[in-house]
Amino acid sequence: MKITETVFGTIDSTADHGKSEVQEFTLYNGSGMVVKIISYGAAVTTICVKDRSGNLKDVVLGYDDLEGYLRETNPYFGATVGRVANRIREGKFTIHKQNFQLSANNGVNHLHGGFNGFDKKTWQHRIEDNKLIFSYLSKDGEEGYPGDLLAEVSYFVTEDNALQIRYQATTTKPTPVCLTNHSYFNLAGDEFGSEELIDHIIEVNANSFTPVDDSMVPTGVVESVDNTAYDLRKPSNLFQLLKKFPSGPNGFDINFCVNKAETGLSFVSR
């Protein structure tokens, strides 16, 4: 695998008393796969793989320049999300009988780490053993979370066209942490729109899911996918499944409870 580096853009930086550079890294394998990742948000901007005809297609959505990622309307394209991905009701939690109040950036709720979550940070980077590794130090009290937290995310492209993403974090105080990647995929290629999305066939290895309330926060109940639109245990047409939902933008905005393998990695979805 080969990794190259270039400047993706510049961003205002209080720490640097002016402008700081955002880097773009390109990861290549010997099979033609190309992955691009920027240091702002440790975000995946491009995943190019060959389609069935051998043509290289970018299968994730993203912006062509840094300005797109800085917009308030950016829906977390490809970003590393944290300190906690998803919503926390009213931004409140309790650890060891101590109550904490987080920033409320999604109505009364806390979403994806708050107003200035990990997706809006410029991460430090290094390259080790053909792995691209980003790190970010979230200070005690940031967005209301307790403890300094050092987060790391590593990216590695395999020769069989897999992108491996690994997360780890250490903290000075007990704190919730749930990191994830927020990429949006169109397996026909990002140049195509919903006309190709409707032909997607999807399978999710989950016997249950977590229902959400009107503010999209999980209710705490775990329900079976039996006889629901969330039963994706057999390959299903995405467009036909979406017809089962009432009109509105949410669709599959829930959590699947993935079935765990007895040993090794668990199959999640394809």
What's the total number of residues in region 204-231 that are open to solvent by 40 Å² or more (accessible area, probe 1.4 Å), among the small types (Gly, Ala, Ser), free of Cβ contacts under 8 Å to residues at least 24 places away in the same chain and part of a loop (DSSP other than H, G, I, E, B)? 1
Looking only at strands (runs of 3 or more DSSP E) that lie completely in region 18-67, which have at least 2 residues being open to solvent by less than 20 Å² (accessible area, probe 1.4 Å)? 18-28, 34-38, 43-50
When only residues in region 175-204 that are more than 30 Å from Glu142 (Cβ to Cβ) and polar (S, T, N, Q) count, which is farthest from the chain's Cα centre (by Cα)? Ser194
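The values are calculated or read from the model by the stated rules, or taken from the named source; none is laboratory data. Just so it is clear, the model here is predicted, and its values are computed rather than measured. All Cβ positions, glycine included, derive from the backbone under ideal geometry; neighbour counts span all protein chains shown. In case anyone asks, the SASA skips ligands and DNA or RNA and just uses the protein heavy atoms, side chains included. Shrake-Rupley method; radii C 1.70, N 1.55, O 1.52, S 1.80 Å.
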